[in-house]
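Note sheet for the following structure.
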Amino acid sequence: MICYEYINNYIRKTIKKNDGILAELEDFAKENHVPIVHPEVASLLRVIGLSLRPSRILEVGTAIGYSAILFSTVLEPGGRIDTIDRYELMLQRARTNVKKAGLQDVINIIEGDALEVLKCLEHKYDMIFLDAAKGQYPEFLPECLRLLKSGGLLISDNILYKGMVATDELVVRRKKTIVKRLRSYLETICSMDELETSILPVGDGVAISYKK
């Protein structure tokens, strides 16, 4: 957490709770220590999605399918979500969860290395959610920009990485390379003429970039 614990606790008690499959996946993630977006980030993503009403979303980092299922609730009718992951165990769980949610025709799960898959995609997306290997964000960026429509949003999660990106005092030695790459990524997306970016200290840090 990068905010005061009492603030996070208050927000999580106050925001509307999910039900159905999303609540089940939250319980599963908590019990099995599976990383999914923080509740306050999920709430933010839903509000952004409802405002944008995207018809096509790309997610880099499927995990158990939680975020993709969340995004399905904000899609324009007939919309589609493409989501990429390379880990077979996660993919198996994601496929099971997507089927349980009845979203096989909405969520397309793509297996493979994210960078290689991104290079092969041709569709343009209204929203791209980046939530995969943090150290690869700089490598993902050119392909994400190529695939993002003008007027679309690139949302990057875990961008402050437990606060380490903001101060050297918190940096763990084995995380130095990831922190360095995330700092480079943030400097890039905040300085590009092509993007307008806001960094929010929500969850583990979220960057929202609008493509002009």
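The values are calculated or read from the model by the stated rules, or taken from the named source; none is laboratory data. Model, not experiment: these values are computed from the prediction. Because the Cβ atoms are built from the backbone with ideal geometry, glycine has one as well, and the counts that use them run over all protein chains shown. Ligands, DNA and RNA are excluded from the accessible area calculation, which covers all protein heavy atoms including side chains. Shrake-Rupley method; radii C 1.70, N 1.55, O 1.52, S 1.80 Å.
A few remarks follow.
- Among residues of segment 76-101 that are open to solvent by less than 80 Å² (accessible area, probe 1.4 Å), those with a beta-carbon under 6 Å from a residue that is of a type in the set (Lys, Arg) and at pLDDT 95 or above at least six positions away or on a different chain give the pairs Arg80/Arg56.
- Residue-level check: of (1) in a loop (DSSP other than H, G, I, E, B); (2) open to solvent by less than 70 Å² (accessible area, probe 1.4 Å); (3) more than 23 Å from Leu121 (Cα to Cα); (4) not basic (Lys, Arg), Ala63 misses just (3).
- Residue within segment 96-108 that is modelled with pLDDT of 95 or more, among the small types (Gly, Ala, Ser) and touching a Leu at 6+ places or on another chain (Cβ under 6 Å) present: no
- Scanning segment 38-49 turns up no residue that is open to solvent by 40 Å² or more (accessible area, probe 1.4 Å) and over 16 Å from the mean Cα position of the chain (by Cα).
- Any hit, segment 160-168, residues being without any contact (Cβ under 8 Å) to a residue 60 or more places away in the chain, open to solvent by 40 Å² or more (accessible area, probe 1.4 Å) and not basic (Lys, Arg): yes
Matching residues to (1) hydrophobic (A, V, I, L, M, F, W, C); (2) closer than 30 Å to Lys13 by Cβ; (3) touching a strand residue (DSSP E or B) at 6+ places or on another chain (Cβ under 9 Å):
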site	(1), (2), (3)
Leu44	yes, yes, yes
Leu50	yes, yes, no
Gly61	no, yes, yes
Ala68	yes, yes, yes
Ile109	yes, no, yes
Glu116	no, no, no
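- Test: residue in segment 74-83 that is among the β-branched types (Val, Ile, Thr) and not in a loop (DSSP other than H, G, I, E, B): yes
- Of all residues in segment 81-102, one or more are closer than 14 Å to Cys144 by Cβ and out of contact with any Ser or Thr (no Cβ under 8 Å at 6 or more places or on another chain).
- Filter pass, Asp204 being among the charged types (D, E, K, R) and open to solvent by less than 80 Å² (accessible area, probe 1.4 Å): yes
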